Amino acid sequence: MMRIEALNWPRCPERLDGIALILLDLPHETPREKARLMARAVVRNAAARLLKRESITLVETPSGPRISEGLHVSLSYAEGKALIGLSSDRPLGVDIVKIASIPEADALAGLYLPSSRKVADFELNWARMEACCKALNLPLAEMDEAREMAYASCDLPECSQIEGYRMAVAFPARSS
């Protein structure tokens with residue numbers, strides 16, 4: 001699978017060939033509610049552009065906003081950034097994590113990450129795990145055999161990275 005490149009907003013693809021990733025810079029220390037509103041405004045604007053419509057309605061659900069016009073959406077926030085994923089093809093999950101020194105990284109990896117992802121680059125592996133949770137509509141929970149199998153079923157395409165952050169995209173495996 002090809003590498004997925006995140007575009008810095010207001011850049012947006014002219015048409016959607018499978019997936020679009022949009023990176024939104026947020027003012028430093030933006031309150032969570034304001035970040036949510038800003039990201040949803042970008043989702044509406046980008047979806048309207050991609051679908052060639054005047055406006056788009058977002059429907060809020062317990063797992064985030066949905067677009068009824070045939071696009072799947074996933075959102076993630078990290079200090080100073082919002083990552084927006086749009087897919088015309090199938091449900092997806094996106095996640096962005098700010099790189100930081102996390103003293104309890106080993107303990108967190110032991111509890112929440114699949115055994116195949118407990119080495120090196122904690123932030124990237126955490127982003128992949130969170131993206132899988134979103135793609136599969138699973139809550140964050142400690143690792144067990146069923147969860148390990150679910151994560152293994154996700155497609156995790158290569159995603160462009162930016163300095164200071166790790167980003168991931170996940171799709172549920174296609175059924176055969």
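State whether the residues of segment 39-48 include one that is open to solvent by 30 Å² or more (accessible area, probe 1.4 Å), of a type in the set (D, E, K, R) and closer than 26 Å to P157 by Cα. So far as segment 39-48 goes, yes, one or more of its residues are open to solvent by 30 Å² or more (accessible area, probe 1.4 Å), of a type in the set (D, E, K, R) and closer than 26 Å to P157 by Cα. When the residues of segment 99-118 are filtered to those that are open to solvent by 40 Å² or more (accessible area, probe 1.4 Å) and either among the aliphatic types (A, V, I, L, M) or touching a strand residue (DSSP E or B) at 6+ places or on another chain (Cβ under 7 Å) (or both), which remaining residue is modelled with the lowest pLDDT? Once the filter is applied, the top-ranked residue is I102.
A single entry from E79, E60, E69 fulfils the requirement of being within 16 Å of the chain's Cα centre (by Cα) and either open to solvent by less than 90 Å² (accessible area, probe 1.4 Å) or within 26 Å of C154 (Cβ to Cβ) (or both): E79. Could you tell me which residue of segment 157-176 is surrounded by the most Cβ atoms within 10 Å (Cβ to Cβ), considering only residues that are among the aliphatic types (A, V, I, L, M) and farther than 14 Å from A78 by Cα? That would be A170.
Does D121 satisfy the criteria of being free of Cβ contacts under 8 Å to residues at least 24 places away in the same chain and either open to solvent by 40 Å² or more (accessible area, probe 1.4 Å) or under 18 Å from P91 (Cα atoms) (or both)? For D121, the condition - free of Cβ contacts under 8 Å to residues at least 24 places away in the same chain and either open to solvent by 40 Å² or more (accessible area, probe 1.4 Å) or under 18 Å from P91 (Cα atoms) (or both) - is not met. Quick one: in segment 16-38, which of the residues that are of a type in the set (G, A, S) and open to solvent by less than 10 Å² (accessible area, probe 1.4 Å) is farthest from M167 (Cα to Cα)? Applying the filter and picking the extreme gives A35.
The values are calculated or read from the model by the stated rules, or taken from the named source; none is laboratory data. Predicted, not measured: the structure shown is a model, and the values here were computed from it. Positions of Cβ are backbone-derived with ideal geometry, glycine not excepted, and every protein chain shown enters the neighbour counts. These accessible areas exclude ligands, DNA and RNA; they are computed on the full protein's heavy atoms, side chains included. Shrake-Rupley method; radii C 1.70, N 1.55, O 1.52, S 1.80 Å.
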